[in-house]
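The values are calculated or read from the model by the stated rules, or taken from the named source; none is laboratory data. Note that this is a predicted model, so its numbers are computed, not measured. Counting neighbours? That spans all protein chains shown, and the Cβs are built from the backbone with ideal geometry, glycine included. We work out accessible area using only protein heavy atoms, side chains counted, and drop any ligands, DNA or RNA first. Shrake-Rupley method; radii C 1.70, N 1.55, O 1.52, S 1.80 Å.
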Amino acid sequence: MSDLFSKFDPLIEQREALLSTGLTDPFNLVMERVESPTVAICNGRRTILLGTYNYMGMTFDPDVIAAGKKALDEFGSGTTGSRVLNGTYATHKECEDALKDFYAMDHAMVFSTGYQANLGIISTIAGKDDYIVLDIDSHASIYDGCALGNAQIVPFRHNDIEALEKRLKRVPEGAGKLVVLEGVYSMLGDIAPLKEMVAVSKANGAMVLVDEAHSMGFIGEHGRGVAEAQGVIDDVDFIIGTFSKSVGTVGGFCVSNHPKFEILRLVCRPYVFTASLPPSVVATAATSIRKLMHGADKRAHLWQNSKKLHAGLKALGFTLGTEEPQSAIIAVIMPDLETGAAMWEALLNEGLYVNLARPPATPAGMTLLRCSLCAEHSAEQVDEILAMFGAAGRATGCI
Ligand SMILES: Cc1ncc(COP(=O)(O)O)c(C=O)c1O
């Protein structure tokens, strides 16, 4: 019998080599208690959280929690069914209405995760003979959506407008074309030049889908994302998003003004063939989304945090993923996995949690310490974070 697990041997060896040095496993941390959006107890000690996607700090919002508890009492713990059978409750409709209001769009479809939203929408609208032109650094869920639909995939160099145009011009005449972009790229925290890219896509007859997972709630005047901030939201055909970041719970969605959008509810397999989200989850999402519509002050504070951390880390001598802060994600580039893991552990010992990110999730084989800020981080916490980075950086020889 051939062992189907042998293909994982190189990864198993790499992991064992890393842990044999006595290092804490960076991919197996347990949060023993979570006190707020910015503080948890890990290994028995108070730890500042700088590696969550809780950008707007909604997870402990009293109205959000109350909405979830009420739905749990009124509708029970789960739907036990697909959205197209017994799995659409009043709460699911309220959540889709909140999304339509948030984006000022005609249609909204809620999925069980953001991963499934990309999987479902991309695979359903772009099939075998269609072409998907996508940024090479696209999220795994985008690639998996392309693979599920069996479309022709044409990747272009990250954020390269000319490369996108060239690829679009090479698509055979008459073929269906979908351009897939992200507002914020989650590894380096850089934003896409959506204004130019959407214009190029439209000029070449393509539909455009933008994944705004890491910008929703924060970027743009109303928090609608990078497409809003760059003034092209009306030219985007589909926006994909998630509830697992600024919204502060779990779930995914697509919003659109396409007049035939509603048919997707019958033909999109990752929507039809899975159970819908529990009513408590969609009730918390609906409340959170409606509150995010009035989140201008929080957005302004989060920008302050992002600028302060970026400037502070740069001044300490770290190499960062972007020259200027472009989002709530600030990536610190590490020379290799071993140093990255040592620095990650030193930070944890100081009382700071960040994400250790490594290939294949990262571009160009990079190891990153990914910091994601929250609107609930105080200015004092950002000072504490910088002091911890200084101490850990000196202890590991990174700076
Ligand atoms: C760009 C992007 N799209 C989609 C997703 C999937 O979101 P979810 O966690 O809701 O499955 C993620 C998650 O990290 C993401 O970064």
Reduced to Cα centres, the span from the range 81-145 to the range 249-288 in Å works out to 6 Å
Per residue, the convex hull enclosing the alpha carbons of the chain has a volume in Å³ of 160 Å³
Surpassing 25 Å at the alpha-carbon level, of the pairs K70/K93; K195/K314; K93/K298, are K195/K314; K93/K298
Using alpha carbon positions and the Kirkwood radius, the Rg to Rh ratio of the range 212-260 is 0.98
Projected area averaged over all directions for the convex hull of the alpha carbon atoms of the range 294-399, nm², comes out at 6.6 nm²
The relative contact order of the chain, taking Cα pairs under 8 Å that sit 6 or more residues apart, comes to a percentage of 22 percent
Per its Cα gyration tensor (rounded if a/c is under 1.5, else prolate when a/b beats b/c, else oblate), the range 76-156 is best filed as prolate
In deg cm²/dmol, rounded to the nearest 500, the helical mean residue ellipticity at 222 nm of the chain, built from -39500 (n - 2.57) for every DSSP H run of length 4 or more, is -12500 deg cm²/dmol
Taking N as the residue count of the range 1-136, its alpha carbon Rg divided by 2.2 N^0.38 Å gives 1.51
Largest fluctuation, L164, L19, L316 only, Gaussian network model of the chain with Cα springs under 10 angstrom, belongs to L19
Length gained, S36-E13, 0.36 nm per residue minus C-alpha separation, equals 4.6 nm
A student asked for the Cα radius of gyration and Dmax of the range 60-292 in angstrom ought to give 17.3, 56
Descending packing, highest mean Cβ count within 10 Å first, for 203-210, 148-155 is 203-210, 148-155
One computes Rg over Rh for the range 354-399 from alpha-carbon atoms, with the Kirkwood Rh, and obtains 1.06
GNM of the chain, Cα pairs under 10 angstrom: of L352, L29, L373, the biggest fluctuation goes to L29
For the chain, dividing by residue count, accessible area per residue (probe 1.4 Å) in Å² works out to 43 Å²
Whole-Hz Karplus couplings 3J(HN,Hα) for the range 50-64, θ = phi - 60° and coefficients 6.51, -1.76, 1.60, Gly and Pro as x, run 10, x, 10, 9, 7, 3, 9, x, 7, 5, 10, 5, x, 5, 5
Two pseudo-spin positions, 7 Å from Cα along C-beta at I399 and at D235, lie apart in nanometres by 4.1 nm
The longest stretch of the chain containing none of the GluC sites (Glu not before Pro) that sit in a DSSP loop with at most 16 other Cβ atoms within 10 Å is 36-172
In whole percent, the fraction of accessible protein surface over the range 60-292 that belongs to carbon or sulfur atoms, probe radius 1.4 Å, stands at 54 percent
Listed by chain and number, the lysines with an alpha carbon less than 18 angstrom from that of K100, same-chain partners under 8 positions apart left out, are K260, K291
